[in-house]
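In what follows, a structure is listed as structure tokens, so that the remarks can point back to it.
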């Protein structure tokens, strides 16, 4: 699998594009970046594969911190430590990853990628498409009217 095969990453209801803006990153002296205003993670695809994965996890932790830890103001060394630990656990524990990503709804799992959580951490029902449609609408600049997204009318 190559970096270009990585689909958008969903963090707390935000759909974040993963791309490879190599020249921008090289000119800035960076291996990767997370741009919250653009909902974008950029990773240099000229790096060794293992390093690309490590940088992808690091930038994803920035996105997670932005969504779930906004008021904490995590610094770069805190993000780096969390990301390195997360990367190590994911790469060294295939059974762990398999367990947490399994689905009781196997027939639905192959139909389309599902959004598992919304920003407040509420785990959604596999049949609830509201979270996905809200995230996609927000990513396209068409957010819901607040207070009406859960109305039954």
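Any read-out appearing in this document is the output of simple, stated calculations on the displayed coordinates, not a laboratory observation. Because the structure is a prediction, the values reported are computed rather than measured. Note that each Cβ is placed from the backbone with ideal geometry, even for glycine, and that neighbours are counted across all protein chains shown.
Classify segment 1-97 from the C-alpha gyration tensor, please: rounded if a/c falls under 1.5, else prolate or oblate depending on whether a/b exceeds b/c. Don't skip to the end; give the middle numbers.
Working: a/c = 1.35, a/b = 1.06, b/c = 1.28.
Because its axes are fairly even, with a/c under 1.5, segment 1-97 counts as rounded.
How far apart, in nanometres, would the label points at residue 80 and residue 99 be if each is projected 7 angstrom from Cα along the Cα-to-Cβ direction?
Label-label distance for residue 80 and residue 99, simple model: 3.1 nm.
How much length is gained on full extension from residue 45 to residue 24, taking 0.36 nm per residue of separation minus their Cα-Cα distance? Walk me through the numbers on the way to the answer.
Working: separation 21, 0.36 × 21 = 7.56 nm, distance 1.22 nm.
6.3 nm is the gain from fully extending residue 45 to residue 24.
Separation between the residue 7 and residue 37 pseudo-spin-labels, each 7 Å from Cα along Cα→Cβ, expressed in nm?
Taking the two extended label points, one gets 3.0 nm.
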